[in-house]
Amino acid sequence: MSHIDDRRPAKSPLSPQDIREAYADQPDEADRIVFGRVAHGDRRGFLKGAGLATMTAMLGAAIPFHRYMPSGLIPAAYAQDTGIDLMTGKDGLSLLSDRPLNAETPAHLLDDDVTPYSRHFVRFNGLVPQTALDQNAEGWRLTIDGEVDTPLELTIDDLKNNFEPVTRQMWLECGGNGRAFYQPGASGNQWSVGAIANAEWTGVRLRDVLDAAGVKPSAVYTAHYGNDVHLSGDVEKVVISRGVPIEKAMEPENMIAWAMNGEPVPALHGFPLRLLIGGYPGSASQKFLNRIWVRNQVHDGPKMTGYSYRLPAYPVAPGIEVPEEDMEILTVMPVKSLITFPESGAQAPVGQPTEIRGHAWAGAGDVAAMHVSVDFGQTWQEAALDAPPNKYAWQRWRADITLPEAGYYEVWARATDGEGKMQPPVVPGWNPRGYGNNMIHRIAVFAV
Ligand SMILES: Nc1nc2c(c(=O)[nH]1)N[C@H]1C(S)=C(S)[C@@H](COP(=O)(O)O)O[C@H]1N2
Ligand SMILES: [Mo]
């Protein structure tokens, strides 16, 4: 028996070492190189030629059924092999990728005021650290250093005993939530609407800890670090390290948390310590937090620079190439809302009031009004909007709609912030990596 394809003198542009890193940094591009197709297109490719040579070298073995190996499939030998196990306890989430692990929640499963563990989206740039998988916090230290008077090395007990504990709800939204709707498409996880959650966190104020270290006047930015592992397996490599302006860091709402919904922070959400920065993209909220480096310049860690979590400084035409120096750091998230009840496709009785509800949030913490439309945006009806339980928690809204005759309707929901900015009815400002899509959410409702 001979494997004809295996004997082809194919040369892959990626070495086996490179390939895992390539998948980590630019999954679509890596997929194109290895499989000759994009991962999320409908014309999926299969392993052959140069890609096959690379994959074979990487695995150290021939792949007899390589003809059937579809694009986008990272060999299980290299997956953390926990993609399935790790999702134990998660309920109804859609898996976007298993290495790194990324999963979002359908809108109708986000109806709870406080999102339970089972429905909290999951976003990883690297691998879940072993300490988190083992729930082992022994010897864990949080270092505060850099532009501070007294660098600190804090144990979890130090945090618990020496600072005032606080419990707050905080929404967490991935900066790329809604990316799937951009045209032309942007590389990265194809989040639709469900990379958002609102859990209750217990810990201490970030500000109190920074005050204890004594922030110097020279402080400009924070830099956050965790102990998750780079997809390449290289322990020297930092997966992601982002930060926020020092003024933002000093806001009293930000937290260093050891508990989520009354339980130790779960492995997937940052055990044993997790930073929470209110109103900023989720990437600012470092999981597995073990160091905050106070810097005298804007932080330039992995995923802070280039096109990562950045938007063009000015509106650009879709698909255009934006010079790197014209990209600005994404900070305050735009106003947004979700319809969490009913589920899209539901039926409602003709001529009778039917409750529609959901949540609204804004990066500045100031949702001012909520409206719904059942006539494709011709007219809008104001919805009741609850005050948030605390700043940077999402807010419940409710409206009774009445559908005049039998047929197909869409319910559109639109939040307005304190500056009068509203969610747009179409995808807002295209940008190279597809961040900040706060387009209105809509669902289908059949009146019967
Ligand atoms: N250590 C670490 N922290 C991290 C990340 C990561 O990959 N590693 N991803 C960030 C991003 S991009 C988001 S959107 C949130 C997701 O948090 P969750 O997985 O708890 O929902 O975590 C942030 N903190
Ligand atoms: Mo994110």
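Does region 373-385 include one or more residues that are surrounded by 15 or more Cβ atoms within 10 Å (Cβ to Cβ), in contact with a Gly (Cβ under 7 Å, 6 or more places away or on another chain) and in contact (Cβ under 8 Å) with a residue 24 or more places away in the chain?
Taking every residue of region 373-385 in turn, none turns out to be surrounded by 15 or more Cβ atoms within 10 Å (Cβ to Cβ), in contact with a Gly (Cβ under 7 Å, 6 or more places away or on another chain) and in contact (Cβ under 8 Å) with a residue 24 or more places away in the chain.
Only one residue in PHE288, PHE341 is in contact with a helix residue (DSSP H, G or I) (Cβ under 7 Å, 6 or more places away or on another chain) and either within 25 Å of PRO252 (Cα to Cα) or modelled with pLDDT under 95 (or both), so which one is that?
Only one candidate qualifies: PHE288.
Does region 403-448 hold any residues that are part of a loop (DSSP other than H, G, I, E, B), touching a Ser or Thr at 6+ places or on another chain (Cβ under 7 Å) and more than 27 Å from GLY365 (Cα to Cα), and which are they?
Result: no residue meets the conditions.
Restricting attention to region 269-285, which residues are near ligand 1 (Cβ under 7 Å from one of its atoms) and not hydroxyl-bearing (Ser, Thr, Tyr)?
HIS269, GLY270, PRO281, GLY282
State all residues of region 154-184 that are charged (D, E, K, R), within 16 Å of ligand 1 (Cβ to nearest atom) and not in a helix (DSSP H, G or I); if no residue qualifies, say none.
Correct list: ARG168, GLU173.
Could you check GLY429 against (1) buried (at least 18 other Cβ atoms within 10 Å of the Cβ); (2) of a type outside the set (Lys, Arg); (3) modelled with pLDDT under 95 and say which number it fails?
The failed condition is (1).
Going residue by residue through region 276-294, is there one that turns out to be away from ligand 2 (no atom under 16 Å from the Cβ) and in a loop (DSSP other than H, G, I, E, B)?
Checked region 276-294: no residue is away from ligand 2 (no atom under 16 Å from the Cβ) and in a loop (DSSP other than H, G, I, E, B).
Tell me, yes or no, whether region 294-304 has at least one residue that is closer than 25 Å to TRP361 by Cβ, surrounded by 22 or more Cβ atoms within 10 Å (Cβ to Cβ), of a type in the set (D, E, K, R) and within 13 Å of ligand 1 (Cβ to nearest atom).
The answer is no; no qualifying residue exists.
Out of the residues in region 168-200 meeting the condition of being among the aromatic types (Phe, Trp, Tyr) and more than 14 Å from ligand 2 (Cβ to nearest atom), tell me which one is surrounded by the most Cβ atoms within 10 Å (Cβ to Cβ). Please lay out each step first, then the result.
First, pick out the residues of region 168-200 that are among the aromatic types (Phe, Trp, Tyr): 171, 181-182, 191.
Next, only the ones that are more than 14 Å from ligand 2 (Cβ to nearest atom) stay: 181-182.
Numbers: PHE181: 17, TYR182: 23.
Looking at residues that are among the aromatic types (Phe, Trp, Tyr) and more than 14 Å from ligand 2 (Cβ to nearest atom), I get TYR182.
So in region 185-215, with the set limited to residues that are in a helix (DSSP H, G or I) and touching a helix residue (DSSP H, G or I) at 6+ places or on another chain (Cβ under 7 Å), which one is nearest to ALA259 (Cα to Cα)?
Only one residue fits best here, namely LEU206.
Might you let me know whether region 141-158 holds any residue that is modelled with pLDDT of 95 or more and under 30 Å from ASN437 (Cβ atoms)?
no
Which condition number does ASN125 fail, the rest of (1) in contact with a Gly (Cβ under 8 Å, 6 or more places away or on another chain); (2) within 30 Å of SER337 (Cβ to Cβ) being met?
(1)
Suppose we filter GLY358, GLY279, GLY351 for residues that are of a type in the set (Gly, Ala, Ser), out of contact with any Leu (no Cβ under 9 Å at 6 or more places or on another chain) and either closer than 23 Å to MET439 by Cα or modelled with pLDDT of 95 or more (or both); which single one remains?
On the way: GLY358 fails: out of contact with any Leu (no Cβ under 9 Å at 6 or more places or on another chain); GLY351 fails: out of contact with any Leu (no Cβ under 9 Å at 6 or more places or on another chain).
Every option except GLY279 fails the conditions.
Please determine whether any residue of region 153-167 is of a type in the set (S, T, N, Q) and crowded, with 19+ Cβ neighbours inside 10 Å.
No: zero hits.
Could you tell me how many of the residues in region 295-326 are in a loop (DSSP other than H, G, I, E, B), within 16 Å of ligand 2 (Cβ to nearest atom) and touching a residue at least 60 places away in the same chain (Cβ under 8 Å)?
7
Would you tally the residues in region 306-340 being within 16 Å of ligand 1 (Cβ to nearest atom) and more than 30 Å from ASP400 (Cα to Cα)? Give the derivation first.
Going residue by residue through region 306-340, those that are within 16 Å of ligand 1 (Cβ to nearest atom) are 306-311, 329-334, 336, 338.
From what is left, the residues that are more than 30 Å from ASP400 (Cα to Cα) are 306-311, 329-332.
The total comes to 10.
I'm trying to understand the selection: among the residues of region 110-144, which are assigned to a helix (DSSP H, G or I) and either surrounded by 19 or more Cβ atoms within 10 Å (Cβ to Cβ) or of a type in the set (Lys, Arg) (or both)?
First pass over region 110-144, keeping only residues assigned to a helix (DSSP H, G or I): 117-119, 130-133.
If the condition is that a residue be assigned to a helix (DSSP H, G or I) and either surrounded by 19 or more Cβ atoms within 10 Å (Cβ to Cβ) or of a type in the set (Lys, Arg) (or both), then ARG119, THR131, ALA132 are the ones that fit.
Identify all residues within region 205-244 that are surrounded by 21 or more Cβ atoms within 10 Å (Cβ to Cβ) and charged (D, E, K, R); write none if there are none.
Once the filter is applied, which keeps residues that are surrounded by 21 or more Cβ atoms within 10 Å (Cβ to Cβ) and charged (D, E, K, R), region 205-244 yields ASP228, ARG242.
Determine whether PRO252 is away from ligand 2 (no atom under 16 Å from the Cβ), assigned to a loop (DSSP other than H, G, I, E, B) and under 16 Å from THR143 (Cβ atoms).
no
The values are calculated or read from the model by the stated rules, or taken from the named source; none is laboratory data. All figures in this text were calculated on a predicted structure; none of them were measured in a lab. We place every Cβ from the backbone using ideal geometry, glycine too, and count neighbours over all the protein chains shown.
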